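The values are calculated or read from the model by the stated rules, or taken from the named source; none is laboratory data. Just so it is clear, the structure is predicted and the values come from calculations on it, not from any experiment. Neighbour counts run over all protein chains shown; Cβ positions are idealised from the backbone, glycine included. In case anyone asks, the SASA skips ligands and DNA or RNA and just uses the protein heavy atoms, side chains included. Shrake-Rupley method; radii C 1.70, N 1.55, O 1.52, S 1.80 Å.
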Amino acid sequence: RDDISRNTQLENRETEIDNLNRRFESNQILLGCTGIEDKLQDDAERTIQMLRQAGIKIWMVTGDVQGTAIKIARTTSILTPNDVLIDITKDDVEMTSEQILDAVEKFLEEKSDDQYFSLLIHGDSPKTDEYLFTHTKRFAKIASRANCVICCRTTPKRKSEYVELIQSLKKITMAIGDGGNDVFMIRSSHIGVGIMGKEGRQAASASDFAISKFNSLQRLILIHGRFSFYRTSWLTQFCFYKSIMLSLVQVLFMFWNGYSGASVFNDFNLMCYNAIFTLLPVIFFLFDKDVEDETVFINPYLYSDTRL
């Protein structure tokens, strides 16, 4: 009986918590309130614009209420004035989650190419669970086509579920956070970036890269990230090239030595081939740049070349 009671409590946990809050929060008198100002960091709007020009899709996942989340999104230009904001988790709309997805898909078919739309999601809405776990693929495809996605009233666990949703589309994800409630999201993503700020170093400790300011993402992604792609791709091709050249000579030599297994190279040449003979191109190319840093900052769309 105790086990059954415990399982029932776990299944109805959220409902019981809401009922408990209602009992405690009734017949109370508000004596006062405290406001905390949380200013945006410098150059945040320009950083987001540059990342968007680079072809990166941006999601804003926050625990703030809807009004605050939309205000911040407009201030940082995550949500532009031309965007059509669609709230797909409205509780007062008498439509199921499947009907809402049908309506959004119909809107996507009828909208013009120059018309952008954004999604608004309430993390504590029951419809969000249906989108994430019942209509996963449909919701993920619609969300990936949105100009941006604003997720408000989001718990730490829900943040990681959003990341896993995009990963189900075989997309590369990067999570950025500055507090302890972002740790789950940072660890779930392919690349985690922690910002060291007033909320402590929990996010920075759990991340792959730690930065002190949000605008450091400009150099981290557009410069270091792009050059890393560029140099790694060249180095990979060069390794294939030098290995093929070495093997091809040996294969051709086999026709002349009667397939005896003898090597055309002596042991010294084989040992020095990677260690000495082909080392200089690798060393010099580690410092190669196809364009200057300033050029990438002026034209962030150059980052999209890394997908090729």
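Summary table below
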{"quantity": "Residue within region 249-258 that is at pLDDT below 90, at positive phi, open to solvent by 50 Å² or more (accessible area, probe 1.4 Å) and of a type outside the set (A, V, I, L, M) present", "calculated": "yes"}
{"quantity": "Qualifying residue in region 110-119 (condition: open to solvent by 20 Å² or more (accessible area, probe 1.4 Å) and at positive phi)", "calculated": "no"}
{"quantity": "Condition met for GLY177 (in contact with a Phe, Trp or Tyr (Cβ under 9 Å, 6 or more places away or on another chain) and touching a residue at least 24 places away in the same chain (Cβ under 8 Å))", "calculated": "no"}
{"quantity": "Qualifying positions in region 160-177 - within 23 Å of LYS213 (Cβ to Cβ) and at pLDDT below 95", "calculated": "GLY177"}
{"quantity": "All positions within region 271-308 that are hydrophobic (A, V, I, L, M, F, W, C), open to solvent by 80 Å² or more (accessible area, probe 1.4 Å) and over 14 Å from HIS224 (Cα atoms)", "calculated": "MET271, ILE276, PHE277, LEU280, PHE284, ILE298, LEU308"}
{"quantity": "Extreme residue, nearest to GLU37 (Cα to Cα), among residues of region 196-212 that are surrounded by 15 or more Cβ atoms within 10 Å (Cβ to Cβ) and touching a Gly at 6+ places or on another chain (Cβ under 7 Å)", "calculated": "GLU199"}
{"quantity": "Matching residues in region 88-104 - criterion: being among the basic types (Lys, Arg) and either surrounded by fewer than 14 Cβ atoms within 10 Å (Cβ to Cβ) or assigned to a strand (DSSP E or B) (or both)", "calculated": "none"}
{"quantity": "Pick from region 150-164, criterion open to solvent by 10 Å² or more (accessible area, probe 1.4 Å) and not in a helix (DSSP H, G or I), ranking: nearest to VAL183 (Cα to Cα)", "calculated": "THR155"}
{"quantity": "Inter-residue pairs, beta-carbon under 8 Å, first in a helix (DSSP H, G or I) and in region 201-221, second at pLDDT below 95 and among the aromatic types (Phe, Trp, Tyr), 6+ apart", "calculated": "GLN218/PHE297; ILE221/TYR303"}
{"quantity": "Among residues of region 52-87, those that are assigned to a helix (DSSP H, G or I) and surrounded by fewer than 19 Cβ atoms within 10 Å (Cβ to Cβ), counted", "calculated": "8"}
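Here is a yes/no grid of residues against (1) more than 41 Å from the chain's Cα centre (by Cα); (2) assigned to a helix (DSSP H, G or I):
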| site | (1), (2) |
| --- | --- |
| PHE238 | no, yes |
| SER243 | no, yes |
| LEU252 | yes, yes |
| SER260 | yes, no |
| PHE265 | yes, no |
| PHE268 | yes, yes |
| PHE297 | no, yes |
